[in-house]
1. Nearest 100 Å² is fine: what is the total accessible surface buried where chains A and B meet, probe 1.4 Å?
2. Averaged per residue, what accessible area in Å² does the protein assembly as shown show with a 1.4 Å probe, protein chains only?
3. Quick one: 3J(HN,Hα) in Hz for the stretch B:25-42, Karplus 6.51/-1.76/1.60 with θ = phi - 60°, rounded, Gly and Pro as x.
4. For peptide B:92-99, how many partner chain Cβ atoms fall within 10 Å of a residue's Cβ, on average?
5. Determine the share of the protein assembly as shown's accessible area contributed by carbon and sulfur atoms, expressed in whole percent, with a 1.4 angstrom probe.
6. Choose one answer from B:PRO35, B:PRO61, B:PRO46: the residue with the largest mean-square fluctuation in a GNM of chain B with alpha-carbon springs under 10 Å.
7. For the stretch A:73-82, what does the Karplus curve 6.51 cos²θ - 1.76 cosθ + 1.60, with θ = phi - 60°, yield as ³J(HN,Hα) per residue in whole Hz, taken in order and with x for Gly and Pro?
8. Mind giving me the nanometre distance, one decimal, between the label points for B:TYR94 and B:HIS57, set 7 Å out from Cα along Cα→Cβ?
Amino acid sequence: QITLKESGPTLVKPTQTLTLTCTFSGFSLSTNGVGVTWIRQPPGKALEWLALIYWDDDKRYSPSLKSRLTITKDTSKNQVVLTMTNMDPVDTATYFCAHVTTVTTVTDWGQGTLVTVSS
Amino acid sequence: QTVVTQEPSLTVSPGGTVTLTCASSAGAVTSSFYPNWFQQKPGQAPRALIYSTSKKHSWTPARFSGSLLGGKAALTLSGVQPEDEAEYYCLIYYSGAGVFGGGTKLTVL
């Protein structure tokens with residue numbers, strides 16, 4: 001059974017850096033074709049794809065947010081970390097992580113964590 | 001930046017059939033973009049339904065099917081049930097990065 005859980009601050013101030021951790025079980029990030037992706041959803045709005053890291057440490061980013069995002073993995077801890085710099089109130093959203101298999105197939109999702117950006 | 005467009009809203013009667021589409025500003029959607037489809041109900045995380053255009057997950061009900069239709073990715077629901085009322089999102093990959101559509105709110109009425 002695959003499970004993922006997002007953790008991190010619920011409130012950050014404008015200009016600060018957000019660090020979110022996705023802790024997962026039921027799969028290994030050292031398996032060929034496997035990855036973990038981050039997706040966010042502002043309140044009442046659509047999903048937005050952010051970043052993806054693969055088993056071989058290949059990393060992909062949303063072109064519009066690439067300059068602000070960094071994704072890393074710790075295979076031994078079964079964790080993936082997303083950092084987003086220079087946070088703004090428009091970045092207020094629920095942030096999800098999800099399991100990716102066969103390179104492009106998103107399967108299981110975490111429950112999401114709401115991050116509010118406010119002074 | 002590529003924009004992926006879905007119908008903002010659709011209404012279907014119980015037992016009916018409805019097709020949701022997913023179009024790209026970059027041109028025709030093909031299987032090389034590995035379309036995924038997701039269902040999201042209020043207050044819940046999205047649930048994966050379809051991957052690689054038309055493949056179903058083990059948990060995907062048989063009434064859901066994916067295809068390519070007129071240069072778009074498509075999700076068809078046949079024999080719609082009241083519990084299918086939800087928001088549906090497509091995800092397409094461009095040069096390895098994903099782009100979600102704006103979502104379709106499906107009402108079963």
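1. On the way: alone 6050 and 5510 Å², together 9910 Å².
By this definition, chains A and B bury close to 1700 Å².
2. Values: 9910 Å² over 228 residues.
Here the per-residue accessible area is 43 Å².
3. 6, 8, x, 5, 7, 10, 5, 5, 9, 6, x, 10, 10, 9, 10, 10, 9, x
4. Per-residue shielding by partner chains comes out at 6.
5. Numbers: 5030 of 9910 Å².
Ligands and nucleic acids excluded, carbon and sulfur reach 51 percent.
6. B:PRO61
7. 9, 10, 4, 5, 9, 6, 9, 10, 10, 10
8. 2.5 nm
The values are calculated or read from the model by the stated rules, or taken from the named source; none is laboratory data. None of the values given here were measured: they were computed from a predicted structure. Positions of Cβ are generated from backbone atoms using ideal geometry, with glycine treated the same way; all protein chains shown enter the neighbour counts. Remember, those area values only see protein heavy atoms, side chains included, never the ligands or the DNA or RNA. Shrake-Rupley method; radii C 1.70, N 1.55, O 1.52, S 1.80 Å.
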